[in-house]
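The values are calculated or read from the model by the stated rules, or taken from the named source; none is laboratory data. Remember, predicted model here, so these are calculated numbers, not experimental data. Because the Cβ atoms are built from the backbone with ideal geometry, glycine has one as well, and the counts that use them run over all protein chains shown. With ligands, DNA and RNA removed, areas are computed over all heavy atoms of the protein, side chains included. Shrake-Rupley method; radii C 1.70, N 1.55, O 1.52, S 1.80 Å.
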Amino acid sequence: NKNLGTHEELIRDPEGAYSQLVRLQEGTKEGGDALGKEAEQSDVTTDIEKDISRSGSQRLSASLIRSISRSASSSRQSFTYNFGVPGLANFAETEETGVESNVPEETKIERRKSVSIRRLANLNKPEVPVLLIGSIAAAVHGLVFPIFGLLFSSAIKTFYEPPSKLLKDSKVWAVSYVGMGVIILLVGPMQNFFYGVAGGKLIQRIRSLTFEKVVHQNISWFDDPENSSGAIGARLSTDASTVRNLVGDSLALIVQNIATIIAGLVIAFTANWILAIAILAVMPFTLIQGYLQAKFLKGFSADAKLMYEEASQVANDAVGGIRTVASFCSEKKVMGLYQEKCQAPMKQGVRLGLVSGSGFGFSFFALYCTNAFCFYLGAVLVNHGKATFEEVFKVFFALTVSAIGVSQTSALAPDTNKAKDSAASIFEILDRKPPIDSSSEDGSTTPTVTGNIELEHVSFKYPTRPDIQIFRDLCLSIPSG
């Protein structure tokens with residue numbers, strides 16, 4: 001038997017299994033083996049994988065095995081390990097290389113630019129009648145702010161009238177306010193309902209189109225970590241919802257704000273054009289302050305979620321792979337990493353608080369300064385007989401209330417950058433043509449298939465793991481049946 005004998009006898013046969021094992025061992029120590037590092041690594045990995053599969057321990061993933069075999073063949077004394085949990089970064093490798101798996105910012109910006117709003121709108125084409133009804137409701141909703149200003153300025157005048165007329169007029173204005181409340185009660189839910197229906201159908205359409213494309217992709221596409229089940233699930237759930245904001249919610253706000261601005265300008269210029277022009281000149285300050293004010297308030301809760309995501313990821317992965325954490329006695333390392341990830345959000349939170357507080361105070365300062373200027377200018381015009389008491393209040397309320405309404409609703413607008421990233425992500429899937437398309441009917445179909453399979457000198461590695469040789473010069477015949 002070729003595989004029995006002393007060390008000297010067995011080493012004489014250079015092609016024998018014993019000689020190869022010796023050479024492998026020496027190659028591991030010295031790193032100068034004829035087979036090369038790649039073959040050696042794959043053989044070691046394959047052996048370990050065989051042993052583990054024999055013992056029935058299926059929990060340890062191939063990534064963990066590869067990491068252990070790497071550290072075994074490495075001359076370094078420290079262990080490099082990878083938890084056998086999908087999505088968990090190799091802590092040692094991440095710290096050493098600092099490689100980020102996220103898409104670079106430049107790529108995101110490029111994708112954003114390439115997003116066609118017209119293409120998104122076309123996806124919503126079947127819902128045009130529903131969107132039109134929603135837009136009418138949004139326009140009526142937008143008229144509320146300037147009309148409120150008009151009613152308010154006219155109502156103030158009644159307090160300077162004789163008691164009998166005051167009582168009569170106050171009833172008229174009270175009924176007007178109640179009527180306006182009823183109108184808002186009707187158009188508000190109408191606007192949200194119709195845009196909600198159109199948005200819901202858009203989400204359904206995007207999800208079904210995307211899922212249909214996903215299931216017809218070639219298998220190697222799924223090997224890419226970017227196309228893992230979790231990532232595709234997130235695209236289907238989150239991205240579709242975010243895209244809906246770009247079309248539905250944004251359109252509602254645009255219609256509403258256009259109606260507000262037009263009505264406000266018409267009322268103001270009809271009342272007193274001189275004062276209207278002067279107030280219009282300082283109006284940008286009111287718009288900016290209202291927008292910033294709402295953004296600062298929103299920022300406290302919105303940013304915190306993003307900042308703690310990294311820390312949550314560490315916690316989730318550590319708990320998910322707790323057996324591996326325990327087996328490597330890495331509890332302290334994981335805790336240290338978690339605390340480190342929490343440091344940045346804490347500092348950012350303090351900075352955000354200071355900036356938000358200052359900005360919030362300044363925005364109110366800008367608003368009151370604008371109001372002071374308007375009242376002062378109004379007083380000067382009244383003094384010179386260029387305006388009346390009622391006109392000053394009509395112009396002031398029509399424009400300032402409209403500006404505050406526009407700035408506050410604009411601050412509630414969805415994050416268009418995030419929505420465009422989501423749209424780009426969806427279109428990337430929809431536009432991808434797989435090299436092997438299972439949904440395609442092209443090509444010829446063989447009338448009879450015998451089913452004999454033959455592999456001739458096949459060498460194969462997975463594109464995502466080029467360092468691991470799966471087949472090397474494999475020949476295999478499988479007869480039909």
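Within the accessible area of the stretch 327-481, what % is carbon and sulfur when the probe is 1.4 Å and the other protein chains stay in place?
Summing carbon and sulfur atoms, their accessible area is 60 percent of the total for the stretch 327-481.
Starting from the Cα-Cα distance between Lys171 and Val22, subtract it from 0.36 nm times their residue separation and give me the gain in nm to one decimal.
In short, 43.2 nm is gained.
Please get the size of the charge dipole for the stretch 345-467, origin at its Cα centre, with Cβ charges of +1 on Lys and Arg and -1 on Asp and Glu, quoted in debye to the nearest 20.
Approximately 920 debye in magnitude.
At 0.36 nm per residue, and after removing the present C-alpha to C-alpha distance, how many nm does the segment from Val182 to Val382 gain when stretched out fully?
Working it through step by step, the gained length comes to 68.4 nm.
With the full set of protein chains in place, find how many percent of the accessible area of the stretch 157-265 is carbon and sulfur; take the probe as 1.4 Å.
Carbon and sulfur together cover 71 percent of it.
Determine, from the Cβ-Cβ distance of Val266 and Ser229 and an R0 of 51 Å, the FRET efficiency 1/(1 + (r/R0)^6), rounded to the nearest 0.05.
0.35
Compute the distance from the alpha-carbon center of the stretch 373-407 to that of the stretch 254-278, in whole Å.
Taking the Cα centre of each part, the stretch 373-407 and the stretch 254-278 sit 12 Å apart.
Here is the link list: Lys201/Lys433; Lys157/Lys386; Lys125/Lys420. Which ones come out longer than 21 Å on Cα distance?
Lys201/Lys433, as the Cα separations exceed 21 Å there.
Report the Stokes-Einstein translational diffusion coefficient (µm² s⁻¹, integer) for the stretch 311-433, Rh taken as the Kirkwood radius over Cα pairs, at 20 °C with viscosity 1.002 mPa s.
Using the Kirkwood radius from Cα pairs, D works out to 103 µm²/s.
Any idea of the accessible area per residue across the stretch 113-246, 1.4 Å probe, to the nearest Å²?
56 Å²
Can you tell me the dipole magnitude for the stretch 163-266 around its Cα centre, using point charges on the Cβ only (Lys, Arg +1; Asp, Glu -1), in Debye to the nearest 20?
700 debye
Relative to the present Cα-Cα distance, how much length would full extension add between Val215 and Ser477 at 0.36 nm per residue of separation?
Here the segment from Val215 to Ser477 would lengthen by 91.2 nm.
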